[in-house]
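K.L.:
First, the structure itself, so that you have it in front of you.
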Amino acid sequence: MIDNNKNQKDKINDELIKSYEIGYIFENKPINRFKTKPTLEEKLEKLDNLKESIKMVEDCNLKSNSKNIVFNDGDINSPLMIVGEGPGQKEDEMGKPFVGDAGQLLDKMFKAININRHKTYITNVVNYRPPNNRKPEPQEINRYSKFLREHISIIDPKILILMGSTAMESLFGSKLKISKARGSWKELIINNKTYLTMITFHPAYLLRQADQKKYSWSDLKEIRKKIDQLKLNL
């Protein structure tokens, strides 16, 4: 006799499944294969964990010569993430990136394209001040690049701005020359996700080489254009 609700083929399939001794749950609801955005609390927790991981770094010349870790500033939900080189004296004292002379120029640069820095998210390649404000050495850049990649993955920006050769080297390697790499959009892949990236000069460099500001202005206009094309809220 055949069950009214199941045909003979269905019964055979049921018996086959039971023979595997695996528990299956069948539901009529479709499977949601799309990842949901992390909540603010989840994002903050991930950032706190990352910050603690950086604090746990041992035998680091940068860390041993610094007063504070300089981790971040700005809106963690911003679609625009800025990466600089490393903290200077004022940044080290205050524990925030881009608060010295270079930071003031950064504010003016983004204000020129109608962006308030408080609506952006800012970090550095290295999170401790290099002695005498020197450029981070290659082994230091490599050591901290894994933290930077995780940082970018957590923030998950729509646009990533790399300011200066150190930021460029940390994510694209040392073979690129910033004079040739700047000004054009590139794709950075982290954890199988692609980030739209612009390389441009660091504000500290522009303070020393004022004649290069015209190139940065060109880069900034490209950034503004892309923001408008993507209809980002900034």
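K.L.:
Angle check, please: helix 213-230 long axis (alpha carbons) against the longest principal axis of the chain (alpha carbons), in degrees 0 to 90, nearest 10.
P.N.:
20 degrees
K.L.:
Something else: Please give the Cα centre distance for region 168-194 versus region 94-133, rounded to the nearest Å.
P.N.:
Measuring centre to centre over Cα atoms gives 20 Å.
K.L.:
So, in Å, what gap is there between the alpha-carbon centers of region 30-93 and region 205-219?
P.N.:
Taking the Cα centre of each part, region 30-93 and region 205-219 sit 28 Å apart.
K.L.:
Please tell me the relative contact order of region 142-224 in percent, rounded to the nearest whole number, where contacts are Cα pairs under 8 Å and at least six residues apart.
P.N.:
Relative contact order of region 142-224: 29 percent.
K.L.:
Could you tell me the calculated FRET efficiency between M56 and M94, based on Cβ-Cβ distance and R0 = 25 angstrom, to the nearest 0.05?
P.N.:
0.65
K.L.:
Follow-up. Tell me, what are the semi-axes, in whole angstrom and largest first, of the equivalent ellipsoid of region 39-230 as set by the roots of 5 times the Cα gyration tensor eigenvalues?
P.N.:
Semi-axes (√(5λ), whole Å): 23, 20, 16.
K.L.:
Around D59, under 12 Å between beta carbons, what's the net of Lys plus Arg minus Asp minus Glu among the other residues?
P.N.:
For residues surrounding D59, the net value is 0.
K.L.:
Additional query: Given an 8 Å cut-off on Cα distances and at least 6 residues of separation, report the relative contact order of region 81-234 as a percent.
P.N.:
Worked out over region 81-234, it gives 26 percent.
K.L.:
For the Cα atoms of the chain, what angle does the longest principal axis make with the long axis of helix 138-155, in degrees from 0 to 90, nearest 10?
P.N.:
On a 0 to 90 degree scale, this one is about 50.
K.L.:
How high is the FRET efficiency from Q139 to L188, r the C-beta distance, R0 22 Å, rounded to 0.05?
P.N.:
0.55
K.L.:
Another question, if that's okay. Past 30 Å, Cα to Cα, is the threshold; run K55/K221; K119/K193; K67/K225; K55/K214; K37/K175; K63/K231 against it and keep the listed order.
P.N.:
K55/K221; K67/K225; K55/K214; K37/K175; K63/K231
K.L.:
Highest mean first, how do 122-129, 97-104, 217-224 rank when packing is the count of other Cβ atoms within 10 Å averaged over residues?
P.N.:
Ranking, from highest mean packing down: 122-129, 97-104, 217-224.
K.L.:
Next question. Could you state the angle between the C-alpha long axis of helix 101-111 and the longest principal axis of the C-alpha atoms of the chain, as a value from 0 to 90 degrees rounded to the nearest 10?
P.N.:
Roughly 60 degrees between the two axes.
K.L.:
Name the residue farthest towards the positive end of the dipole of region 192-231 from the options M198, Y215, Q229, assuming +1 on Cβ of Lys and Arg, -1 on Cβ of Asp and Glu, about the Cα centre.
P.N.:
Of the listed residues, the answer is Q229.
K.L.:
How long is the gain from L44 to S179 if the chain were fully straight, where each residue apart is worth 0.36 nm and the alpha carbon distance is subtracted?
P.N.:
45.0 nm
Every number here is computed from the coordinates shown, using simple stated rules; none is lab data. Everything quoted here is computed from the prediction, not taken from an experiment. Glycine also receives a Cβ, built like all others from the backbone with ideal geometry; neighbour counts cover every protein chain displayed.
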